[in-house]
Each structure stands twice: as C-alpha cells, then as structure tokens.
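Engineer: Shown below is the structure under consideration.
The values are calculated or read from the model by the stated rules, or taken from the named source; none is laboratory data. If you're wondering where the values come from, they're calculated on a predicted model, not measured in any experiment. Neighbour counts are summed over all protein chains in view; Cβ atoms, including those assigned to glycine, are modelled from backbone coordinates with ideal geometry. Just so you know, the surface numbers come from the protein's heavy atoms only, side chains and all, with ligands and any DNA or RNA stripped out. Shrake-Rupley method; radii C 1.70, N 1.55, O 1.52, S 1.80 Å.
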Amino acid sequence: MRGRGYLAFFVGICLTAWTCYFVMEEQQKQQIRAGFQRDTEKVARDLQNRLQIYFDTLHSMKGVYAVNDQIDRLRFNRFVNELKIDQRYPGYQALQFVRVVPEAELPAFVEQVRCDTSLAPRGYPDFHVHPATRRPLHYIIEYTEPLKGNENAFGLDLSALPPHLKALELGRDSGDIVATERITLVQDASGEPGFVARAPVYRNGVPLDTTAQRRAALEGFVAVVFRVNALMRELLDPALLEHLHVRIEDGGFQQGKPPPAGIDTLLYDSDGKVESHQERGENVPGLTAQTVLPVAQRHWIVKFEGRSGARYGRSQLPVLLIGMAGVIISALIAALMVANRRESDARQGLEFSLKELELQKQHAEHARNDLSRVVATLKQAQTNLQTSEKMASLGALVAGVAHELNTPIGNSLLTATALADMVRDFERRLREDGGLKRSALDAHLADARKACDIMAHSLTRAADLITSFKQVAVDQASGQRRRFRLDEVLHDTLATYAAQLRRASCAVTVDVPADLVFDSYPGSLSQVLSNLIGNALLHGFDGRESGVLAISARREGKDLVALQLKDNGIGMTDVVLHKIFDPFFTTKMGQGGSGLGMNIVYNIVTGVLKGTIRVESVPAGGTSVLLVLPLSPAPEEETLQA
C-alpha cells in the first residue's frame, strides 16, 4: 500500500515540475512577447501619426499659397500663429518658407528683405545670404517661425548644401513632400541629428502636368524643421525607455539604394536620451523587433530591443504557487490512494458497489447542473458582446465621419482666412490710391470667386457627409422598419468608411440599380454591410498595398434581391471558411478581431432580414459574399405563427 502511495506522490511531483517548466518557459514567454509587441506597435504608430500631423500642416500651408501665391512675411507669421501647432503638437524646431531666387535677382531680393518692416520696425539691415556662392538658382530661407532661436537659418542658401539640394530637387520635380537625410541644423549648436520635410509651392494658374512645367512654375517651398531628439522626447514615456531600447536609422529614399548603416544614418538612439536615474537592464535574448516607416519619400528603420526588468521580466510567483499546489495535491492523492486501498479491502460486495454507483450518479447530476449554468453564462456573454460590437460599429462610424469632415471644414477655414486678408488688402489699396485699375478689380473678383467656389465645394461635401452619418446613425441606433432604397443605404455606409478605404488604397465599384426599394430594417442592413466591409479591410487586404471591393445587386424574381460583395484579397482556406460563422472564431484575436462579426451578420441576415447568406473563397483568390434578401420580409408575428 505504501509503495503505491509513494509512486503516486512521485508521479504528482513530476507532473508539477513539468507544469512549472511549461508556465516558466512557454506561457510567460508568450505574455512577454505580446506585451513587447504592443509597446513597439504603439511607439511606431504614435511616431507615424505625429509625423502625419506635421505633414498635414505642410499641406495646409501649401493650400494657402494655392489661393494666393503672394504671401508676405506678416501673413505667413499670422497664419503660423493661428495654427498654434507649437502648443498642440510640440516637438518641431521651426516652420519656414524657402524662396527660389535666380542669380540675376539676388541683389534686389536681399535689399527687399532688409527693407521689410511688416514685422520688425527697423527691417532686417543685417540680412545676408550665406554661404555666398554663384549659382543659376538659389534656394534661400526667407521666412522662419519662430525667428528666435533660428536666426542662423535666416538667409541660408540651401543650394550650397548637397543634402538639402538633393531633397529640394526631388520635391520640385515630383510635387510631393520630401524629407532630407540626417543633417545637423545650422541653428543647433549641440550637433544633434535633425531633418527637414518640405513641400513645393507653384505659381497659380499654370499647368503642372510635366516635370518641365513644375520646374518652370516653382515659387519656393514650405518646410517644417525637426530635431529628432526633441521630437521623440514628446512621443516616448521615459518610464517605458527603462525597459525598451529604441533606435531609428535612415534607410534612404524609397526609390533609391539604401545607404550603408553607420553614424551618418543614425537619427535617434534612446540610450543617449533616457531621462531616468535607474540603471538599464540587460537585453532580453530574442526580444527584438524592426519596422520600416515611410517618411516623406524616405524609409526610416525603427529597431526595438527589450530590456530585462519588471516590464519584460519573468515572475516567479505563479511558478511558486503551482509548485506548492502540486506538492500538496500529490501528497493528498498519495494519502487518498492508501486510504482507498484499505477501505476497499474492508468493504467488499454489493453494498460497496451500490454506494459507489449512487456517488457517481450524484457527480453526474452536479456536472449536468454546472454545464447548464455555464451554457447560460456563455449565452449571456455572447449577447453582451453582440451589443458591444454594435456600439463599436457606431463608434467607428463616428470616427470615420469626423476624419472625413476635417478636410473640407479645414479647407473652408483656410480659404475664408485668405479671402478676408484679400478683402482687407483691397480696401487698403482703394483707400490709399483713391481708385483702382480695372485689371486689379478683375483680379480681385477672380480670386474672390475662386475662394467662394472652394468654400462652397468643401461645405457641400461636409453637408453630404453629415446627412449620410445622421441617417446611418439613426438607423443603426433605432432598428425601426421603414421604406428605403438600397443604393442610398449603401452610399451612406460607404461614406463612413471613406477614410479607412483610402488608407488601405481600396477601390470600390458599385453596381446597384436605383429602383430596388425595400420595406425592411435599414439599420440592420447597414450593420451587415459595415461588418462585411470592415472584414474585407481587416482580413481580406491584410499585407497588401491595395485592393478592389466590388458591390453589385440584382433582382431575383419578384420579391427577392441578390446583393454581392466581392474582393480580390487573400481569401480563406477551407478550414477558416468552414468556421466563419462560428461565434468567437477569428484569425485576428488580439489584433482588432472579436470573433463575433460574421456570427452577427448571419444572425441579422437570417433572423431579422429573413434572407440567406453564402460565402465562397479560395486562398489568394479573393472572397465573395452573396446575400439573398426579400424586399419586404414577413413581420415577426407572422413568422412565429407559421
């Protein structure tokens, strides 16, 4: 008897040791890797978003010049101050305007800047172009905001600096925002790495279709200047850098050959800028990551290394608890085996068998009751998750429309500001000159008409987006039945996904007749379309730079409509296709997928809309979803009676 007890205790200890090893080596390793991945993705995403904000600022400055390409120093200063970007998104060094000046016009340009009293009453008598060179064209920094702390950049001739000149010529010919390689800013005495992103500005009213036309129409560049250490200091939490080493290297132009790695390509190294008094831990083996960010026609290589410590270290507490529990359970099992053996020797026959049978029956009854409670709990959880999914869909709809409204409203605000400046200038000239030439009046009226057209177009676009959002939001929130046209519901739903579709470079083709009128539930149908479009963006085009989503509808007989959504994405395997409608099944768990999207689609199509759904897909061959829906589904009461 004791021998069997010792054997059971030994087996229990072995199982406990194996469990401790598994928790230590596998489970904690996976948890550490997942936390490290979340941290690295957040840093890369925050850096990309912050740079995009600055580049959008360049686009807005370029838009001002598109309305009036004769912006003086006072207007430039006023526009930059109104942006308040230094308060909302600190981390940049300066905003600038670079003027293109031919060699023959250089003396007149210098004299004009020296006599400019629009901001400084004395002008700028010490202004000079530096370094002094003779070239056919000079690229001179004329405006810089703020001027304080950037005095050395005022009057800098970028044509004499090869890294700047190469980026300027690429931006001039392409018309896009272009960033420089790693440079040392002339206004920065510390010698820290920096870079400059610039967008070209062209004269109004001239064609810009070819490279030669863009070169001939070039007026200058709007620019944003960065010190990389200052930029990253605004993005990174010093507490995170105690456990995460971040290194950024310049990978060269996107269309060019990458430069060899070295000190000349190093943009940022967090080991030199950690604001903490704690010692840095050693690197965790295997805990590394690398991502490539596109930054204004260049590639930035962002490398991450995890450091040992509380954030990425292994906790001994779970292993200790499992070990103690294993020893106790093993000892109890051994003691129980010895006791059961003695009990079985003492009790023989039918009485023991009957009692054992009754005990097993009770266990089975308890197990059945426990399973019933678990099933009820799971059903309630599924209902709650479906409700959360619906609310998340409305949240994504709000975010998408807000992003879409930002552009037309921002354009209207910029155009209105520029128009107000033109009117004040017109009134000043009329008051001072006592009259105006007809050509000046015609020019002012043409500019005013152009500004009004821009504002009307932008505000019309904003009004259309708001109308679409209101209808979709009301339908999804209320769930009421009404008459509606299928093409209108589809148009409103696509409007809420415009930003996501553009970011994914996804082209949408729609072939839906205007005479398909339903008497059904537009909110439920809109939620189905939202889930299917969201699935295509999250799963179908994962890892692809672009894609095509085709949506078509046709009448099937008298009372049915076949609605098809087809993409050219990565498709699905037979295993995934077989489980696509199962609740809580997803291939993106932890990456934005809840596992309820297609389950909700199936329940709405078959339960609320009284239709059918069929999905066809092959790997690398895209996915097709076919919905067959009645134009007027039977009310719920008639369905129950049938």
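Engineer: Using 0.36 nm times the number of residues separating residue 132 and residue 509, minus their current alpha carbon distance, what extension gain do you get?
Structural biologist: Roughly 130.1 nm would be gained on extension.
Engineer: For residue 188, tell me the accessible area in Å² from a 1.4 Å probe, rounded to the nearest 10.
Structural biologist: About 20 Å², rounded to the nearest 10.
Engineer: Using the structure shown, list the pairs from 303/566; 29/303; 566/610 with a Cα-Cα distance above 26 Å, or answer none.
Structural biologist: 303/566
Engineer: With a sphere of radius 12 Å drawn around the Cβ of residue 52, what net charge do the other residues whose Cβ falls strictly inside it have (Lys, Arg +1; Asp, Glu -1)?
Structural biologist: Around residue 52, the surrounding residues sum to +1.
Engineer: Hey, another quick one. What distance in nm lies between label points placed 7 Å from Cα along the C-beta direction at residue 81 and residue 440?
Structural biologist: The answer from the label model is 2.6 nm.
Engineer: If you don't mind, another one. Tell me, what HN-Hα J-couplings in whole Hz come from the Karplus equation 6.51 cos²θ - 1.76 cosθ + 1.60 at θ = phi - 60° for each residue of the range 176-192, using x for Gly and Pro?
Structural biologist: Couplings: 9, 6, 10, 9, 7, 6, 4, 9, 10, 5, 5, 8, 10, 6, 6, x, 5 Hz.
Engineer: Separation of the range 76-127 and the range 530-601 by C-alpha centroid, Å?
Structural biologist: Cα centroid of the range 76-127 versus Cα centroid of the range 530-601: 53 Å apart.
Engineer: Highest mean first, how do 410-416, 49-55 rank when packing is the count of other Cβ atoms within 10 Å averaged over residues?
Structural biologist: Result, highest mean first: 410-416, 49-55.
Engineer: May I ask you to evaluate 6.51 cos²θ - 1.76 cosθ + 1.60, the Karplus curve with θ = phi - 60°, for each residue of the range 141-148 and list the ³J(HN,Hα) values in order in whole Hz, giving x for glycine and proline?
Structural biologist: Calculated HN-Hα couplings, in order: 6, 9, 10, 9, 10, x, 6, 5 Hz.
Engineer: Is the C-alpha gyration tensor of the range 187-241 telling us rounded, prolate or oblate? Criteria: a/c under 1.5 is rounded; beyond that, a/b larger than b/c is prolate, otherwise oblate.
Structural biologist: Since a/c reaches 1.5 and a/b is larger than b/c, the shape of the range 187-241 is classed as prolate.
Engineer: Averaging sequence separations of C-alpha pairs under 8 Å and six or more residues apart, then dividing by the length of the range 519-577, give the relative contact order as a whole percent.
Structural biologist: About 31 percent, as a whole number.
Engineer: Dipole magnitude of the range 171-253 about its Cα centre, charges +1 at Lys/Arg Cβ and -1 at Asp/Glu Cβ only, in debye to the nearest 20?
Structural biologist: 360
Engineer: While we're on this one: Can you tally the net charge around residue 121? Count Lys and Arg as +1, Asp and Glu as -1, for every other residue whose Cβ sits under 14 Å from the Cβ of residue 121.
Structural biologist: Taking every other residue near residue 121 into account, the sum is +2.
Engineer: Under a crude label model (7 Å from the Cα following the beta-carbon direction), how far is residue 375 from residue 624 in nanometres?
Structural biologist: Distance between the two pseudo-spin positions: 3.8 nm.
Engineer: Could I ask something else about it? Where a ≥ b ≥ c are the square roots of the eigenvalues of the C-alpha gyration tensor, would you call the range 207-303 rounded, which needs a/c under 1.5, or, failing that, prolate if a/b is larger than b/c, or oblate?
Structural biologist: prolate
Engineer: Now for a separate question. Suppose R0 equals 45 Å; then what is the FRET efficiency for residue 38 and residue 606 from their Cβ-Cβ distance, rounded to the nearest 0.05?
Structural biologist: That gives a FRET efficiency of 0.75.
Engineer: Report the local net charge at residue 417: Lys and Arg +1, Asp and Glu -1, summed over other residues whose C-beta lies under 15 Å from its C-beta.
Structural biologist: Once positives and negatives cancel, what remains is +1.
Engineer: Once you put a point 7 Å from the Cα of residue 261 and another 7 Å from the Cα of residue 367, both along the Cβ direction, what distance in nm separates them?
Structural biologist: 5.7
Engineer: Also, quick follow-up: If you stretched the chain out fully between residue 152 and residue 235, how much longer would it get, using 0.36 nm times the residue separation minus the C-alpha to C-alpha distance?
Structural biologist: Result: 27.2 nm gained on full extension.
Engineer: Let me ask something additional. Which lysines does residue 588 reach when only Cα atoms under 16 Å apart count, and residues fewer than 8 places away in its own chain are ignored?
Structural biologist: 579
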